[in-house]
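The values are calculated or read from the model by the stated rules, or taken from the named source; none is laboratory data. Note that the coordinates shown come from a computational prediction; the quantities given were computed from them, not determined experimentally. Glycine gets a Cβ as well: all are built from the backbone with ideal geometry, and neighbour counts include every protein chain shown.
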């Protein structure tokens, strides 16, 4: 059977499988306790599931499904129900984690219980198994159960045949965290950026787990080099974006990085910078800058050597 026929059947049968399932792109399954999930059809093989915590990407392979990220723990039952409906109960073969944050890995145990292999960067595995605090989120994290941890890790990059397409993935060190990966589907021309790209909000480089603005900026530049004007880019949350959106974030980061370095040399701290409204020209697009400025400032102190040791 032609691939296009298989893929068309995948989505059409999946939508028909439940009377409560809305047309792709509209609100979908949920309950009074949890927000409804939504689905945006990206290609005949790829769907973007929103509302599960961080974005979840579903790839329909010839023999099995692949997920990129697993959303939050609370949304795991609704997520798996929706995946079953879209995939007509095809098994989940592989789950990729783009980084350790629990809104992207909270469903790991539930997906693992379905027999899926979890793939992530080694640093993501280490954070999932660690006991630590994240100051900017005001949270403490305990080691996750073994079932939540990756079965396979890597250090630099890799490829995986998903049945119909080979996905490529790369590690970007010390960016949003120190374990971030991006995944590229070359046939579909879809780039999954995970926490490396935000949507209508400032990106946060999580200094508690190895992130900082210099690494995030480098990751954005590398993804721009991979993308073209037709590339569909999937951010941490929200609908699919284009290269122009990634370019806008990159340019904002490049500008504010230089501004903040100058302010630090002059003796300003994060409170001074917020009072000076250094982000004002970007706030309409990216929202409230408070967490971004505070966490960026904190991360820059950790990386004074990388900035010339001027502090």
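Taking the range 205-234, which residues are closer than 13 Å to residue 180 by Cα and in a loop (DSSP other than H, G, I, E, B)? Matches in the range 205-234: 205, 206, 210, 211, 212. Only residues that are surrounded by fewer than 24 Cβ atoms within 10 Å (Cβ to Cβ) and over 18 Å from residue 169 (Cα atoms) were counted across the range 55-72, and they come to 4. At pLDDT below 95 and under 17 Å from residue 303 (Cβ atoms), is that true of residue 264? So residue 264 fits the description; yes. Would you mind stating whether residue 224 is surrounded by 20 or more Cβ atoms within 10 Å (Cβ to Cβ), free of Cβ contacts under 8 Å to residues at least 60 places away in the same chain and closer than 24 Å to residue 69 by Cβ? The answer is no for residue 224. Within the range 101-124, the residues that satisfy the criterion of being crowded, with 24+ Cβ neighbours inside 10 Å and farther than 18 Å from residue 158 by Cβ are 101, 104, 105, 107, 108, 111.
Only one of the numbered conditions (1) out of contact with any helix residue (DSSP H, G or I) (no Cβ under 9 Å at 6 or more places or on another chain); (2) over 17 Å from residue 59 (Cα atoms); (3) touching a residue at least 40 places away in the same chain (Cβ under 8 Å) is not met by residue 142, and that is (3).
For the criterion of being modelled with pLDDT of 95 or more and more than 22 Å from residue 118 (Cα to Cα), residue 231 passes. When the range 169-203 is filtered for residues that are assigned to a strand (DSSP E or B) and touching a helix residue (DSSP H, G or I) at 6+ places or on another chain (Cβ under 9 Å), the ones remaining, listed by number, are 170, 171, 172, 180, 181, 182, 183, 184, 191.
Within the group 175, 182, 205, 218, which residue is crowded, with 19+ Cβ neighbours inside 10 Å and touching a strand residue (DSSP E or B) at 6+ places or on another chain (Cβ under 9 Å)? Exactly one of 175, 182, 205, 218 is crowded, with 19+ Cβ neighbours inside 10 Å and touching a strand residue (DSSP E or B) at 6+ places or on another chain (Cβ under 9 Å), namely 182. Residues of the range 33-49 being closer than 16 Å to residue 191 by Cα and either part of a strand (DSSP E or B) or touching a strand residue (DSSP E or B) at 6+ places or on another chain (Cβ under 6 Å) (or both), which ones? Within the range 33-49, 40, 41, 42, 45, 46, 47, 48, 49 qualify.
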